[in-house]
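See below for the structure under consideration.
Bear in mind that the values in this text are calculations on the coordinates, not laboratory data. Keep in mind that this is a model prediction, so the values were computed, not measured. Every residue, glycine as well, gets a Cβ built from its backbone with ideal geometry; the counts of neighbours run over all protein chains shown.
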Amino acid sequence: MRMTSQQYAEYLVRQMPKPEDSVPGCEDESTLHADIAQECRRQGWLAFHGSMAHRTSRTLGEPDFVILMPGRVLLIEAKTRLGKQSPDQLAVAAMAGRLGHTVHVIRSFRDFLSLIRDCEAKPLGISSAV
């Protein structure tokens, strides 16, 4: 089969990675939830987490995890690599920010472990919310 130079150029463009192909992160949010929950259990931390399988009566926009570590509380929103926060989640994150807390958006288990390492490297203090 022969291609014109125009057809070949179009073919090359189609073969180029799409911008979203280079975005790091997971493809399956439920796997990420399971990995985070397992790591919390392994560390002996208390992790509050709602079921992804059932509609719950949790607060709209509430982070997926509230994790109690020694001397620290983490608010975690787990998203796939292309997942977006809902308007309710953005509103909760903004309100939490006004109160001095951060809702961390985690897109991979590696992101979660990196956040944990950063938290553990910081000294505990009166305003140690991370």
Cα Rg, Dmax, segment 66-126, angstrom units: 12.4, 36
Segment 24-121 - Rg (one decimal) and Dmax (whole number), Cα, Å: 12.8, 37
Dipole moment magnitude, nearest 20 debye, segment 24-121 about Cα centre, only Lys, Arg, Asp, Glu C-beta charged: 120 debye
Residue exposure sequence - R2, R110 - by fewest surrounding Cβ within 10 Å: R2, R110
